[in-house]
Amino acid sequence: MTSPLQGKHILLAMTGGIAGYKIAELTRLFVKGGATVQVMMTEAAEQFITAVTMQALSGRAVYTSQWDARPGNNMAHINLSREADVMLVAPASADAIAALAQGRADDLVSLTALARRIHECPLLVVPAMNREMWAHPATQRNVAQIQADGATVIGPASGDQACGETGDGRMLEAQEIFDEVEAFMVPKTLRGKKLLITAGPTFEAIDPVRGITNHSSGKMGFAIARAAAEAGAEVTLVSGPVHLPTPRGVQRIDVQSAQQMADTVLPLASHQHAFIASAAVADWRPTQTHQHKMKKVEGGATAPTLAMTENLDILAAVAKLPQPPYCVGFAAESEKLAEHADAKRRRKGIPLIVANLGPATFGRDDNALLLIDEHGQRELPRADKLSLARELVADIAKRL
Ligand code: CTP
């Protein structure tokens, strides 16, 4: 996967907290994502996890003091902050946040945060503390102050705490922090834009226990929703029945049938900047839905014949609205990909269609896409769906 953190240099500043152990895993994730990580630790941080561990995981010598004599100029706080693309304080203790709020400079972490160039090296702060400490007016005041000074606060989560209490203040898990830092680093090309996305299959009921559906997993549409939210868009995701978590910051509306999807999408569509139809909408539904389960009669009549009715083409209907959003369709083909997809684009009256080979994508984690508009084609070679979604979203952002 190509991460937005690829090639970025992260200054990871650890302060005192039992959540320090999660930073070992976070460091691994950063390195795996292609980032370089420079760890610095306060004296308190070293009470919970050793600098040896952090050095081994980051592959770089750890800094623990502003008096460290290794740098030629003896100014670790200047050098380390000038190299970094971002400074991440995690775990951020109540004391560390208070120091940041006051602009103190009496340990390496607070000193470096103060000495960094604030527009070139943004500050991300991941709180970790007992719920009473978090809820205390002094902490809340300090958090508001660092946000006003430009810091981005990530979390905290709610739940069981190391002290045995339950509430707000727990540090997010390593993967969640990683996702938040990734999202932070994505250029905000869709800030101020509203996107409506359909995803997944639809389910057309035959009776209360049976129905007609397809193999769409929803993974591509959910990845697009996540990528669009990362890029700063306000995202509404209308999803058929799938087993996927809602991407952070995305408003999700669950539906079952094509008709429910149409009824949800159409009233929202005119208020959007773009509509991305990635759902595999059933073309037909059973004309009649039986109220009770259809029973098999022993030695009785033959199998039932289902009369079918065509569903509304949601994408074509949105494209025909008096003030349509920028419409992006998907085409799942099994042959003559470009030819069939472009014909579909024209038929539906939409500016852009994303073509893929149906059997080679349904349910899989990777895909290959062909973007077709009136000017020609652009290929996005096989990659994981999130990487493709980020490329697609960047492409769409340029068109809006
Ligand atoms: N679509 C829709 N509403 C429908 C059917 C399709 O919004 N009732 C959208 C899909 O979300 C997708 C595109 O239209 O963006 C796919 O078009 P469609 O004609 O359904 O493609 P195929 O199912 O591949 O069509 P065909 O069977 O003709 O190949």
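The values are calculated or read from the model by the stated rules, or taken from the named source; none is laboratory data. Please read these numbers as outputs of a predicted model, since none were measured by experiment. For neighbour counting, all protein chains shown are included, and Cβ atoms are generated from backbone atoms with ideal geometry for every residue, glycine included. Just the protein is used for accessible areas: all its heavy atoms, side chains included, with ligands, DNA and RNA removed. Shrake-Rupley method; radii C 1.70, N 1.55, O 1.52, S 1.80 Å.
Residues R285, R347: which one is of a type in the set (K, R), touching a strand residue (DSSP E or B) at 6+ places or on another chain (Cβ under 8 Å), more than 21 Å from A397 (Cα to Cα) and open to solvent by 50 Å² or more (accessible area, probe 1.4 Å)? Please lay out each step first, then the result.
Values: R347 fails: touching a strand residue (DSSP E or B) at 6+ places or on another chain (Cβ under 8 Å).
The unique qualifying residue is R285.
Take G59 and decide whether it is open to solvent by 50 Å² or more (accessible area, probe 1.4 Å) and at pLDDT 95 or above.
So G59 fits the description; yes.
From (1) open to solvent by 60 Å² or more (accessible area, probe 1.4 Å); (2) away from the ligand (no atom under 11 Å from the Cβ); (3) in contact (Cβ under 8 Å) with a residue 60 or more places away in the chain, pick out the condition that doesn't hold for Q272.
Q272 satisfies all of (1) open to solvent by 60 Å² or more (accessible area, probe 1.4 Å); (2) away from the ligand (no atom under 11 Å from the Cβ); (3) in contact (Cβ under 8 Å) with a residue 60 or more places away in the chain except (1).
Name the one entry in R141, R131, R191, R116 that is more than 30 Å from L392 (Cα to Cα) and surrounded by fewer than 16 Cβ atoms within 10 Å (Cβ to Cβ).
R141
With I10, I78, I18 as the choices, which residue is within 30 Å of R141 (Cβ to Cβ), crowded, with 21+ Cβ neighbours inside 10 Å and aliphatic (A, V, I, L, M)?
On the way: I78 fails: crowded, with 21+ Cβ neighbours inside 10 Å; I18 fails: crowded, with 21+ Cβ neighbours inside 10 Å.
Being within 30 Å of R141 (Cβ to Cβ), crowded, with 21+ Cβ neighbours inside 10 Å and aliphatic (A, V, I, L, M) holds for just one of I10, I78, I18, which is I10.
Taking D106 and the conditions (1) open to solvent by 10 Å² or more (accessible area, probe 1.4 Å); (2) assigned to a helix (DSSP H, G or I), which numbered condition does it fall short on, given that it satisfies the others?
Going through the list (1) open to solvent by 10 Å² or more (accessible area, probe 1.4 Å); (2) assigned to a helix (DSSP H, G or I), D106 breaks only (2).
When you go through A90, A96 one by one, which is the residue that is touching a strand residue (DSSP E or B) at 6+ places or on another chain (Cβ under 9 Å), part of a helix (DSSP H, G or I) and surrounded by 19 or more Cβ atoms within 10 Å (Cβ to Cβ)?
Details: A90 fails: part of a helix (DSSP H, G or I).
One residue alone meets the criteria, A96.
Could you go through segment 289-298 and let me know if any residue there is of a type in the set (A, V, I, L, M), outside any loop (DSSP other than H, G, I, E, B) and open to solvent by less than 100 Å² (accessible area, probe 1.4 Å).
Applying the first criterion (of a type in the set (A, V, I, L, M)) to segment 289-298 yields 294, 297.
Checking which are outside any loop (DSSP other than H, G, I, E, B) leaves us with none.
Scanning segment 289-298, I find no residue that is of a type in the set (A, V, I, L, M), outside any loop (DSSP other than H, G, I, E, B) and open to solvent by less than 100 Å² (accessible area, probe 1.4 Å), so the answer is no.
Considering only residues that are farther than 22 Å from I197 by Cβ and either surrounded by fewer than 13 Cβ atoms within 10 Å (Cβ to Cβ) or near the ligand (Cβ under 9 Å from one of its atoms) (or both), which ones fall in segment 329-342?
Hits for segment 329-342 are S334, E335, K336, E339, H340.
Being touching a residue at least 40 places away in the same chain (Cβ under 8 Å) and closer than 16 Å to L12 by Cα narrows it down to one of A151, A115, A138, A101, so name that one. Talk me through it step by step, then tell me what you get.
Details: A115 fails: touching a residue at least 40 places away in the same chain (Cβ under 8 Å); A138 fails: closer than 16 Å to L12 by Cα; A101 fails: closer than 16 Å to L12 by Cα.
That would be A151, the only listed residue that is touching a residue at least 40 places away in the same chain (Cβ under 8 Å) and closer than 16 Å to L12 by Cα.
Evaluate segment 299-308: report whether one residue or more is outside any strand (DSSP E or B), free of Cβ contacts under 8 Å to residues at least 24 places away in the same chain and within 12 Å of the ligand (Cβ to nearest atom).
Initial filter on segment 299-308 (outside any strand (DSSP E or B)): 299-307.
Right, trim to free of Cβ contacts under 8 Å to residues at least 24 places away in the same chain and you get 299-305, 307.
Next cut, within 12 Å of the ligand (Cβ to nearest atom) only: none.
So far as segment 299-308 goes, no, none of its residues is outside any strand (DSSP E or B), free of Cβ contacts under 8 Å to residues at least 24 places away in the same chain and within 12 Å of the ligand (Cβ to nearest atom).
If you go through segment 284-298 one residue at a time, do you hit one that is within 13 Å of the ligand (Cβ to nearest atom) and either assigned by TED's automatic domain parsing to the domain that holds I224 or touching a residue at least 24 places away in the same chain (Cβ under 8 Å) (or both)?
Of the residues in segment 284-298, the ones within 13 Å of the ligand (Cβ to nearest atom) are 284-285.
Okay, now just the ones that are also either assigned by TED's automatic domain parsing to the domain that holds I224 or touching a residue at least 24 places away in the same chain (Cβ under 8 Å) (or both), so 284-285.
Scanning segment 284-298 turns up at least one residue that is within 13 Å of the ligand (Cβ to nearest atom) and either assigned by TED's automatic domain parsing to the domain that holds I224 or touching a residue at least 24 places away in the same chain (Cβ under 8 Å) (or both).
Name the residue that is most open to solvent (accessible area, probe 1.4 Å), counting only residues in segment 313-328 that are of a type outside the set (A, V, I, L, M) and under 22 Å from S216 (Cα atoms). Spell out the reasoning first.
Looking only at segment 313-328, we keep the residues that are of a type outside the set (A, V, I, L, M), and these are 313, 320, 322-327.
Subset that is under 22 Å from S216 (Cα atoms): 313, 327.
Numbers: D313: 63, C327: 4 Å².
Per the criteria, the residue is D313.
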